[in-house]
Structures are given as C-alpha cells and as structure tokens.
1. Can you tell me how many residues in segment 16-51 are closer than 15 Å to LEU146 by Cα, in contact with a Leu (Cβ under 7 Å, 6 or more places away or on another chain), not in a loop (DSSP other than H, G, I, E, B) and not basic (Lys, Arg)?
2. Does segment 92-110 contain any residue that is part of a helix (DSSP H, G or I) and touching a residue at least 40 places away in the same chain (Cβ under 8 Å)?
3. With (1) under 21 Å from ARG135 (Cα atoms); (2) open to solvent by 80 Å² or more (accessible area, probe 1.4 Å) as the list, and GLU57 as the residue in question, which single condition is left unmet?
4. Residues of segment 60-106 being among the hydroxyl-bearing types (Ser, Thr, Tyr) and open to solvent by 40 Å² or more (accessible area, probe 1.4 Å), which ones?
5. If you scan segment 166-186, which residues turn out to be open to solvent by 60 Å² or more (accessible area, probe 1.4 Å) and touching a residue at least 60 places away in the same chain (Cβ under 8 Å)?
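The values are calculated or read from the model by the stated rules, or taken from the named source; none is laboratory data. What you see is a predicted model, and the numbers here were worked out from it, not measured in a lab. Cβ sites come from the backbone with ideal geometry, for glycine too, and all protein chains shown count toward neighbours. Only protein heavy atoms, including side chains, enter the accessible area calculation; ligands, DNA and RNA are left aside. Shrake-Rupley method; radii C 1.70, N 1.55, O 1.52, S 1.80 Å.
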Amino acid sequence: MGLDYSYEIITPARNVATALRKLTELAPRRDRRPPITVTLPGGDKVVVPYTSGFRSEPVDCSGGDTLELDTSLMCGVDAAVRAYVEDRDPEVDELGRVPIGYIYLTVRFAPPQHPRYASLEFMAATSGMSRLFARSAGVRAVFTDLTAASGGVCCLLDTESDTVDVCWLDGRPVRETVPGPRFADYRALAATWPVLDR
C-alpha cells in the first residue's frame, strides 16, 4: 500500500464558498477541464475548474453532503518541489509556480466533532506526492496561505504516524503536534478554536 498523506483545513462552515474561490485561484491555467458548478449548503453556487469523480458535471451539496473534487494546485518551487517535478517538464506560471496534482479534496460540511466548522482534506494521490507534502515548505505554504485566505482556524498535516502536525493556528503558522506538549489530543486542539454562533 502507498502513502496517503493529507493536509486538512478547518474553517467555519460559512467560509467554504470563500475557500473554494481561493482554491480556484491556485488552479493551473493551462489544460483546465470544463468548469463545474457546485451548489453548497445554503444555496451558494461556486464554479470551480476541477472535476468531481473525474467528471465535469454539476454537483449539488445543498443537502449537506460531502463534496469530492479532483484538484491540481500551483506551488512555488523549492528544492523538494524541484526534485518532484524534474522529470515532468511542468508548466511554470508568471509567479514561478508549477502544478502539483492530482490532489483529492474532500469537503465535510459540519462534521459531528465540530458541527459549525467544515473540514477540507487534501489527500496526495501518490506516495511520491505524500513525501512531497511532508518535505516541501512551499507546499506547506500553499495550504497555510489557503487557510488564512479562507478564514480558517487550523491547518493540519497527517503523515499516518502517531502524531499529526499542526501547521496553522491562532491566525499564524505554527509547528506543534497532536498529541504533543501543548495539545494532549484533538479535543484539546479544537478547544482553542473560536465558539461560533452559526
């Protein structure tokens, strides 16, 4: 079995539309699939340049269902990214970024453990990409920047080990683990997030 490392962004559920719009800004400009329209809980519609289940059909999540997207994201080039793409001849955009993908996104609206928040989990498609997730400061910055831009409260990196890395918390990048010196468990981490009215 391969490695399935993932980044998870926790954001107020009302911010999912903002997170998806910000995510769209990270999509490669070349070789885009036809965009799809996603209907979110509450009726907001967002057009994204990705597929869902590798199909380009509208997705209706208005009933609070889980959203699955197949994404590719542009990332700044550091040593780890350079090594990852060296055999691929990647597109380089005007900001010096290259595409990393497929990355499988699962959005869980109001999960039971924190119902006023949403979880956006970005899972690497291959073991090589999983290792890139763990090694690259540039990839980490993509996800912490997306957390900040979407009003997220927390960003985690799961490397399938006994601990989960906390990458963003309290409005800034951090380097903590759960469990660790500051957080005994996930519940202790979630207790630091703002209490939301709705």
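1. Total meeting the criteria: 4.
2. no
3. It fails just one condition, (1).
4. Listed by number, the residues that qualify are SER62, THR66, TYR102, TYR104.
5. TYR186
Yes/no per residue for (1) aromatic (Phe, Trp, Tyr); (2) farther than 30 Å from VAL195 by Cβ:
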| position | (1), (2) |
| --- | --- |
| ARG30 | no, yes |
| VAL38 | no, no |
| GLY42 | no, no |
| LEU69 | no, no |
| PHE109 | yes, no |
